[in-house]
Structure formats: C-alpha cells, structure tokens
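Note sheet for the following structure.
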Amino acid sequence: MAENRKPKTLTIEQKYEILQMLERGQTRRIVAEKYNISSASVSYIYLHRKEIKEYFETNPVITSCVTQRLTLSQSVNLDRVLYQWCIRCMKNNVGITGVEIQKKALELNEKLNRDSYFKAGESWLQNFRNRHHISHTDVRQDFPIPTTAAADTFKVDFNTLLQNEGYTLENVYNANYTAIMWKAVPKETLTFRHAKSTSSQKMCEDHVTTLFCANATGCHKLPVL
C-alpha cells in the first residue's frame, strides 16, 4: 500500500536549495527524505527549475547580506549570499576574478557553519557562473584612448592661441594626473552578461593618485604631488 504523505508547502528558498543539491549529484530519494516530500515533488521541482531559478535570482529578499560584521543564520543560502556579494562588487566597479569568488565562497561557508566538505573548486565555480550568467570580460579593452585627429586639432588651435595672445613656451604649463598601482588591474574580470562595461580604470582601490606639472620647455618642473 502506497505511503500516505501529508502535502508540504516549500518556500522558494527551499526549492532553490533542492535544485542545488540535485546539481551537486544528490539522489532524488535523499532530497525527498531531507525535505519530507515525495519523489514526484522533487521531479516536479526539477521540471520547473528554470522558473524557480529566475524567480529566486530576480527577487532577492536579502539586500545587504555581506556587512563588516557578518551575522547570518545557518538557514541562509550560501549561493544567494555570494550572489549578492558579487552584485555589490560589480555595482561599485570592484573587479572580481574567479579566484576571488572561490575565496569568498570558502569564507562565507565557514562563517555560515555549513558543509565541512565544501571545496569551491573549478567545477563549482563554473556552475555558479552559469547559474547567475556571469562571464569573463577583458577590463582593459575599454580604456579610453585619445584619437590622433583630436590631438592634431588641439595642437593647431593651441598654437594659434599662443601666437594671437603673445605667450611664450616658458609660461605654458601642463598638469596631468595618473594612478600608481601596487596591485595590477586584472586582464580578465567577471561580470554579468547583461551589464555594461565600466570603461574606467577606477577598478582597483589599491593605488595612489599623483599629479605632475611642468612648463613646455621643461626648465621648470613642480614637485610631484
């Protein structure tokens, strides 16, 4: 005689966790026993995995999961906390790599007291990126580069100004700033596929901004600021 199992309503977080367990290779029987549901319910959840993932990932209930003092209960889903951390980094133009995501995953796993066998390996990273549509992009390809035509036009206009106003080159100064970094900007970083490129070099906070100034002849150079 078939077992009479009382219907159980699962939250969207529980359904998402079930999908995570199935992706890690857990059998449907083990999943069904853990959540006290039938194997048919597990199959139904897996059949609608696309809709569940989209709803879970586009309707976050945790808006500030990672703070300076992380105080989260064990029931909070590691995948979701890490996903929110990635969103915060990318919104603040902080470049992240696969290695950094793996390190953060291990750190969060330890603080959440979750799976002691969790390794955050390459296969896990690839699955995490696929689930949240995170891809590689070259952060250097969009650095702004001045065109030759614009530079030539400026030189002609500037020389005309000097002649008309009677300025000498000794009285013409140029100042420019640059960033000295002691941590190199990564050639590749991770970003959401739908996100726009940053087009900015301000991706690494570990730098010092320096200002250089000298006149056109080079006989007077101001100290570096």
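Could you calculate the contour length gain from residue 33 to residue 126, that is, 0.36 nm times the residue separation minus the distance between their Cα atoms, to one decimal place in nm? Gain on extension, residue 33 to residue 126, equals 30.7 nm.
Ranked by the mean number of other Cβ atoms within 10 Å of their residues, highest first, the peptides 9-18, 211-220 come out as 9-18, 211-220. With the simple model of a label 7 Å out from the Cα in the direction of the Cβ, residue 157 to residue 176 spans 1.8 nm. Over 24 Å apart at the Cα level, from the set 53/104; 34/119; 50/111, are 50/111.
Since every read-out is calculated from the coordinates, none of them should be taken as a lab result. Worth saying up front: this structure is predicted, and the values here are computed from it rather than measured. Positions of Cβ are generated from backbone atoms using ideal geometry, with glycine treated the same way; all protein chains shown enter the neighbour counts.
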